[in-house]
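None of the figures in this text is laboratory data; all of them are computed from the coordinates on show. Computed from a prediction, not measured in an experiment: that's the story for all the values here. Reconstructed Cβ throughout: ideal geometry from the backbone, glycine too, with neighbour counts over all protein chains shown.
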Amino acid sequence: MESILFSLAAVVVIIPAIVGLSYFISSIREKEMRAAFFAGVQFLFMLGLVILLFYLEAAGFFKTGFGLAVLILGIILAFGLCVFLTKKIGSNPRALEGTEGLMVGSVQRNDERDIVFARNRTIRPGTKQYQTYYEMRPEYQQFDTARREKGGPLGHPGTIDKPKDRPNVAATMASLSIPLHLSTEEKFNPPAHPEFKGQRVELSPESATSRVKGFVLNVGANLVGITEINPLWIYSNRGEIFHENWEDWGRQIELNHKYAVVFATEMAFELVGTAPQTPTTIASMGNYAKGAFIGTQLAACIANLGYSATANHLRHYDAVLVPLAVDAGLGETGRLGYLMTKDYGSRVRLGAVTTNLPLIPDKPIDIGAEDFCRICKKCANCCPSNSIPLEDQKEVNGTLRWKLNAETCFDYWGKVGTDCNICMRVCPWSHATSLPHKLIRILIVRNRFSRRLFNLMDNIFYGKKPKPKPAPQWARYD
């Protein structure tokens, strides 16, 4: 009996020691020196317990009545803690309803002309569109005028890394050229290849769904889901113009597609970790290029099957992608306004293809992100422009959510000349995909007490306001 109990106790202390060692090694690889220090302390403590356990066994301590009682009590406490932190506790029924679970009032479709990028990137002072828009939305004119003086979406003429930023800016602009190249109608809304024109392949929804998902993952996506399109998430009017087709500006957007294939690509951890320096913008634009590449390929593939399909990517959106992604089961909306995914946190970029190809929709999921974000607040505390709310969710356009202040956020982009990404960098859910972090994500998805514990540990291991990490050698700016 005593040998069985000792074996159980050995397992109880050896497994955490192995996890601690793994955490220490992964922290070194991730250049997280503070986390490596605390992970090393944790490992040494657990290693000390292992040595003590085997010493007491060799000394015959556990053969005494008191020693056996201590052994039993230790096992009970360890297994009790394990059950306490792993049991499924704290479900969110609203999350399983997707965006409908967050609707508390009347929801109006978003006008793409109101998006801060469209206002500052598209309409030009002195044009008819400029006059029309600011007669309609005079509350934005003063801000937008001041913002334009700072340059384009990422600021001009330089960045916080100036004057040594040129190589990283060159890489960023190279990626940006891909979605711009794929922003003409024949690319995002492609016709069938001449060989297949007028031919329709009859596929069952099950087969079509399998093929579409497999294709998307094969060409580079990390996550993919399908949803029936809620018309509320389709923009009401066109606001972004890229090829001087000004007759489209302000045009009502009508979409007859029933389904949306929504996908996500993981952003490079080592580049996002440098935020708000220029390497993080390489990650952003590289993923937007991936999104355009994946989306236009899928749209062309579906067109070749004889169905209509339209790609949504950085330089052409018909829809607001975060709510579509929520309904497609890719994750939940976080405090920072981005999609929170189970495997990557907020460290993803989204793309989508809308289509009339019959597909089988996925269901929304509950990963505990709403509860975690309510506890955490790290993105809000670290936001240099105070654009992320610290208070709880509020009703915005009929939905309950945290509302990012897009104006102050975008203004900070102009100051630093990058797309910031600090909120993404500091998010505890957006750490690397190493084994220790995978285990932690499993626990916080299941258990509200684990969410509180690991939020506290994240502040200890990484700090309440983590500092940027050095860029990989090829993207350094010093």
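For a footprinting-style exposure proxy, rank Val348, Val224, Val116 by other Cβ within 10 Å, fewest first.
In increasing order of surrounding Cβ atoms, one gets Val116, Val224, Val348.
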Which net charge results for the neighbourhood of Thr333, defined as the other residues with beta-carbon distances under 10 angstrom from its beta-carbon, given Lys and Arg at +1 and Asp and Glu at -1? 0
Return the unpartnered cysteines for the chain, using a Cβ-Cβ cut-off of under 4.7 Å. Cys82, Cys301, Cys373, Cys376, Cys382, Cys383, Cys409, Cys420, Cys427
Ordering of 120-131, 378-389 by burial proxy (mean other Cβ atoms within 10 Å per residue, highest first): 378-389, 120-131
Summing +1 for each Lys or Arg and -1 for each Asp or Glu, what net charge is found among the other residues whose Cβ lies under 14 Å from the Cβ of Leu453? +4
With -39,500 (n - 2.57) per DSSP H segment of 4 or more residues and division by the full residue count of the chain, the 222 nm estimate, nearest 500 deg cm²/dmol, is -15000 deg cm²/dmol
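Count the net charge of all other residues whose Cβ sits under 13 Å from the Cβ of Met267, scoring Lys and Arg as +1 and Asp and Glu as -1.
0
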If one takes the longest principal axis of the Cα atoms in the chain, at what angle in degrees, from 0 to 90 and to the nearest 10, does the Cα axis of helix 435-446 lie? 80
Would you mind putting 133-139, 442-448 in packing order, based on average other-beta-carbon counts within 10 Å, highest first? 442-448, 133-139
In this structure, the FRET efficiency calculated for Phe79 and Lys465 from their beta-carbon separation, with R0 = 41 Å, to the nearest 0.05, is 0.65
What is segment 2-86 by shape, rounded, prolate or oblate, if you read a ≥ b ≥ c off the alpha carbon gyration tensor as root eigenvalues and call it rounded for a/c under 1.5, prolate for a/b larger than b/c, and oblate otherwise? prolate
Anisotropy class of segment 367-409 from Cα gyration tensor, a/c 1.5 cut: oblate
Cα-based Rg and Dmax for the chain, where Dmax is the largest Cα-Cα distance (Å): 25.5, 91
Part-to-part distance (alpha-carbon centres) for segment 320-373 and segment 52-77, which is given in Å: 49
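By per-residue mean of other Cβ atoms within 10 Å, what is the highest-first order of 257-267, 428-438, 76-86?
Ranked by mean Cβ neighbours within 10 Å, highest first: 257-267, 428-438, 76-86.
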Let me spell out the model: positive unit charges on the Cβ of Lys and Arg, negative unit charges on the Cβ of Asp and Glu, origin at the Cα centre of the chain. What dipole size does that give, in debye rounded to 20? 1120
Tell me whether segment 364-451 comes out rounded, prolate or oblate; compute the Cα gyration tensor, take square roots of the eigenvalues as a ≥ b ≥ c, and use a/c under 1.5 as the rounded threshold. oblate
Antiparallel versus total DSSP beta bridges in the chain: what percent is that, nearest 5? 95
